Amino acid sequence: MGSILLALALTAALGLGIATLAVAQDGETLVVDTGAPVYAATCKVCHSVIAEGSDPRVQFRHATHMLFACSSCHTRFPHSPVGTIKPTMKDCWNCHDLRHGPMGLIAGGECEKCHGALAAEMRPVSHVADWAEVPHVAPAEAEMRTRCMMCHARADCDQCHREVGVEWQASEPYNYDVENGCLACHGDPNLGKTVAGAVWSLYVTGLDRTAHRDTTCVECHVDFKYHDGADRTPLWNINVGLACADCHEHSDAAKVWAASLHGELIAEGDYNSATCSSCHGGHSIARLDTEAARRRLHRDSEQMCAICHTVEWENYDDYYHGRAYKRGASDAPACWDCHGAHEVLAVADPESMVYPTNAVDTCGTPGCHWGSGESFIERSSYLIHGRYEAREGNPIIRWWRSLRGRG
């Protein structure tokens, strides 16, 4: 192994449980922290030359993977007292056969590509001779997306079913789900790319604290997939925003949103409109299982709505509503308290919550302007988003602006 003479010991450093590997090199003892992320510099202490893989069943070359971080495959230090921990075939599928959104296919997924002529002989032990009833149905029901579809396609299922006269429709899509294998790369804090001269981080963290902690990556990122199905739109951020309906399709929210102003515009191809993730966020989408979480949601109008509706947010500044809300008043209305959330409609739509004939009920909600009538709405509703008009109509402000040369 070149100048490296001997791997001396695998120990626990200072009794803290931090595994280290002591290596003698050129008369010096090097200590490798085996608990740290796996970097090429760490591997080179022992592996100064990395060539072919040692497993005869796999045609593997490190050279073809040089553009990827070692930790993408070796998610933990591979050497331990019990032997070498090798990546599994599932780890390979973090990249192989993956259509990486707009980037397209990252690496081929044909068995022969890595296993050559041995591919035909590598029948999994789970594929017993009596492939029927329990040995077949139970695994298919439990692992169709996370195991079966790694190698098979829907055509394989249909061919066998036709031969034996069986009609069966899976409850899940016929495609592979790598679960959270995407974190092999996106779990690296150093992962990023340069956009318009600035570094944009692609590091994903904190998922275990979100509402989607049990949701896998490709369940939301539906165009990052392991099949050739057509994408819903050309934009991945719109596709991920629409994917919410795949799980929430039986709730009122998805159906109501589809009929809303936002949903109708998206259906017409106006991708500047809002999808679910535009308002609720993505990796950081909050859990709402506590009162504190619901209070935090109530304060999120600027993040949810003002990013698009900047003028309306600027003008939402009347004393009792906008200004109080922006200063943190818990009883001041968020945008959706008046305009609706999933069901938001254009102000001119007769079904809108703020249409004159409906505003009486909207404003008269218990806890707000209880008992208000049409005359109250006519006298006061224009004030809520009327900051601009109020300033323009104030002669003192106009005079002051004219002195400052602002017209």
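Computed from the coordinates by the stated procedures, all read-outs in this text should not be read as laboratory data. Note that the coordinates shown come from a computational prediction; the quantities given were computed from them, not determined experimentally. Don't worry about glycine lacking a Cβ; one is built from the backbone with ideal geometry, like all the others, and counts go over all protein chains shown.
In this structure the amide hydrogen of GLY192, modeled in the peptide plane, comes within under 5 Å of the amide hydrogens of LEU202, none closer than 5 places in sequence on its chain. Considering only ASP246, ASP317, ASP289, the mean-square fluctuation computed in a Gaussian network model of the chain, springs between alpha carbons under 10 angstrom, is largest for ASP289.
Around ARG76, under 13 Å between beta carbons, what's the net of Lys plus Arg minus Asp minus Glu among the other residues? Here the charged neighbours net out to -1. A simple rule links phi to the HN-Hα coupling: the Karplus curve 6.51 cos²θ - 1.76 cosθ + 1.60 with θ = phi - 60°, which for the stretch 313-321 gives 5, 4, 8, 7, 9, 5, 4, 8, 10 Hz, with x for Gly and Pro. Counting only Cβ charges, +1 for Lys and Arg and -1 for Asp and Glu, the dipole size of the chain around its Cα centre is about 1740 debye. Between CYS217, CYS92, CYS157, which gets the highest mean-square fluctuation from a Gaussian network model of the chain, Cα cutoff 10 Å? With Cα springs under 10 Å in the chain, the top fluctuation among CYS217, CYS92, CYS157 is at CYS157. Taking the charge dipole of the chain about its Cα centre, with +1 at Lys and Arg Cβ atoms and -1 at Asp and Glu Cβ atoms, the residue from SER48, VAL240, SER72 reaching farthest to the positive side is SER48.
With 5 Å bins beginning at zero, the pair-distance distribution over Cα atoms of the stretch 146-242 amounts to 2, 10, 15, 19, 18, 14, 8, 5, 4, 2, 1, 0 %. From least to most packed, judged by other beta carbons within 10 angstrom and beginning with the fewest, GLU167, GLU172 follow the order GLU167, GLU172.
Taking Lys and Arg as +1 and Asp and Glu as -1, the other residues whose beta-carbon sits under 12 Å from that of ILE238 total -2.
Calculated [222 nm] ellipticity per residue, helices only, for the chain: -8000 deg cm²/dmol; basis is -39500 (n - 2.57) per DSSP H run with n ≥ 4, divided by all residues, nearest 500.
Among SER375, SER126, which comes first, second and so on when ranked by fewest other beta-carbon atoms within 10 Å?
SER375, SER126
A simple rule links phi to the HN-Hα coupling: the Karplus curve 6.51 cos²θ - 1.76 cosθ + 1.60 with θ = phi - 60°, which for the stretch 200-206 gives 10, 6, 10, 7, 10, 8, x Hz, with x for Gly and Pro.
Straight-line reach from LYS193: taking Cα to Cα under 22 Å and skipping same-chain neighbours fewer than 8 places apart, the lysines in range are LYS225. Checking (1) 29.5, 92; (2) 21.5, 71; (3) 23.0, 75 against the coordinates, the calculated Rg and Dmax of the Cα atoms in Å falls under label (1).
The order of MET149, MET66, going from fewest to most other C-beta atoms within 10 Å of their C-beta, is MET66, MET149.
For the stretch 186-248, applying the loop criterion from DSSP together with a ceiling of 11 other beta carbons within 10 Å to the trypsin sites (Lys or Arg not before Pro) yields ARG213.
Sequence-ordered 3J(HN,Hα) estimates for the stretch 66-80 from the Karplus curve with 6.51, -1.76 and 1.60 and θ = phi - 60° stand at 5, 7, 9, 5, 3, 5, 5, 9, 8, 6, 9, 4, x, 9, 9 Hz, glycine and proline given as x.
Enumerate the residues in the stretch 306-339 having an amide nitrogen under 18 Å from the point lying 7 Å beyond the Cα of ASP361 toward its Cβ. Taking a point 7 Å out along Cα→Cβ of ASP361, the residues of the stretch 306-339 whose backbone N falls under 18 Å are 336-339. Counting Lys and Arg as +1 and Asp and Glu as -1 over every other residue whose Cβ lies under 12 Å from the Cβ of ASP208, the net charge comes to +2.
Residues considered: SER301, SER48, SER352. Largest GNM mean-square fluctuation over the chain, using C-alpha springs under 10 Å, is found at SER48.
Close amide H pairs (under 5 Å, H built 1.01 Å from N) link ALA107 with ASP97, LEU98, residues at least 5 positions away or on another chain. Annotation: amide H of LYS225 within the under-5 Å range of ARG99, GLY101, sequence separation 5 or more or interchain, hydrogens built in the peptide plane. Return one number: the angle in degrees, 0 to 90 and rounded to the nearest 10, between the long axis of the Cα atoms of helix 154-164 and the longest principal axis of the Cα atoms of the chain. Taking Cα atoms only, the helix is inclined about 70 degrees.
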